[in-house]
1. Which of the three applies to the stretch B:319-448, rounded, prolate or oblate, going by the alpha-carbon gyration tensor with a ≥ b ≥ c and a/c under 1.5 meaning rounded?
2. Across chain B, what fraction of all alpha-carbon pairs, as a whole percent, falls in each successive 20 Å bin from zero upward?
3. Which of rounded, prolate, oblate describes the stretch B:382-429, given a ≥ b ≥ c as roots of the alpha-carbon gyration tensor eigenvalues and a/c under 1.5 marking rounded, otherwise prolate only if a/b is larger than b/c?
4. If you consider only alpha-carbon coordinates, what radius of gyration and Dmax does the stretch B:246-359 have, in Å?
5. Which whole-number percent gives the relative contact order of chain B, counting Cα pairs below 8 Å spaced six or more residues apart?
6. So what's Rg/Rh here for the protein assembly as shown, counting alpha carbon atoms and using the Kirkwood radius for Rh?
7. Nearest 10 degrees, 0 to 90: what angle lies between the long axis of helix B:3-26 and the longest principal axis of chain B (Cα atoms)?
8. Quick check: from the Cα gyration tensor, does the stretch B:48-185 come out rounded (a/c under 1.5), prolate or oblate?
């Protein structure tokens, strides 16, 4: 009884963790990954951020 | 009011305000406010997605269910964690790549751009669904958390709710997505500590697990049965009722928006999915263990099973530590409410006001409007939560299920199947919403599974059937193929290095231009 209970608690936990690891390393397993372009990685740079740096840097100089 | 219990809670609120203040300096643009400028750290993305997902249900509702039903509650853990894995494996990376390419801030933004929908129907229907359901949800979730705090500490319910709202509003108003995500990280850490420590303390208090199983067996042997002592169709309904959660995750806008904000989509696979799934597994199994330990400790004798977490904390821990447990209950609630507040605001401001009603709004006013929108949504949700209106009650009851039954299949199909068409998406969204709400309203539960479980598959079938009868524009087809291409890992890594180096150089050029100017 106790062994079955433990199995019911532990097996799904370990099984789902194992599935997660398979997904996490799927690119290593297949050796392929999505093509990531600079358009996809493009971050939004705030103009204020640049202007803020200008003021700081200008002051230091 | 017990100050030993309340002080850690006040300390927790102060930390949130500090994060909000720090975020104020970072959030300077509209894009930063709604999607963290698409440069959110993977740790914040992973933990924020999970903390957002688990409301106070994790620290109050789930332990309460385990307290009543015993070990069979593990099925909830299995369903929820598999649903979370479905999000990470089936949606996260592809949604980030697609929305990055299309420059979408919100789910309605994405649907409109993905399907090249010039009728605006997809944007209108999806943003109304998000706006109504999320706004109603905020009030209900916040109310639940404040009630738990009142019961545990004696703080007046109304003032607990007001203070909680003001703090959430402060950091969301100041720091938008960035503040919400990083406060979620703090809240996720607090929640996981409590959900690990509390069951361990309980097990030591009851000597060992054997003692706990023995006490539960004496209380009610069916609590030690994985199907609650049922058999046949009743057992199947028991399992399905819990397991059905699996399909609910890809359709929750406040959760999946997290994936859209991460700086590098590759990190969603690793380490993102590992961090997120480890947190979820430990949290869910910890919450179930906490309920079972509570049932053994109190011999099933608690007036309100949902108070098992605070009551066990007060019984087993010194009061200041018990106060930390109560802070964790609020953390679970607040980490959901802040994200819902932001996603409802984005539906109102970006999807309805800016894109549909007044596209001529000046760029420099957008951030101000977004912040004002946060206040408006918070005020409406507070009023809705306190009003006790029947409409709000139904909206809350349908919110999770209807999002699961409509956005879930639609988003999955949108990122995996290039042949999905605008007509299919519109039909799925509208028929799925009406069908799920009708089933929920009439209490129809095929095989004991919730309505959204059935409608998840019906909506998917509608989208596929209508798409097969119509033809996507050639542009969508080409775009899809171009976005989801694969390449060998080594090639991809060297290219990313080059992109990052180039981005840095371009930034330096722009910066030096400003400095010289």
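1. It comes out oblate by the Cα gyration axes.
2. Cα pair-distance distribution for chain B, in percent: 22, 56, 21, 1, 0.
3. Prolate is the answer for the stretch B:382-429, as a/c is 1.5 or above and a/b outweighs b/c.
4. Cα only, the stretch B:246-359: 19.4, 61 Å (Rg, Dmax).
5. Result for chain B is 30 percent.
6. On the Cα set of the protein assembly as shown, Rg over Rh gives 0.97.
7. 10 degrees
8. It comes out oblate by the Cα gyration axes.
Bear in mind that the values in this text are calculations on the coordinates, not laboratory data. Quick caveat, the model's predicted, so the values are computed rather than measured. Here the Cβ is made from the backbone with ideal geometry for all residues, glycine too, and neighbour counts use every protein chain on show.
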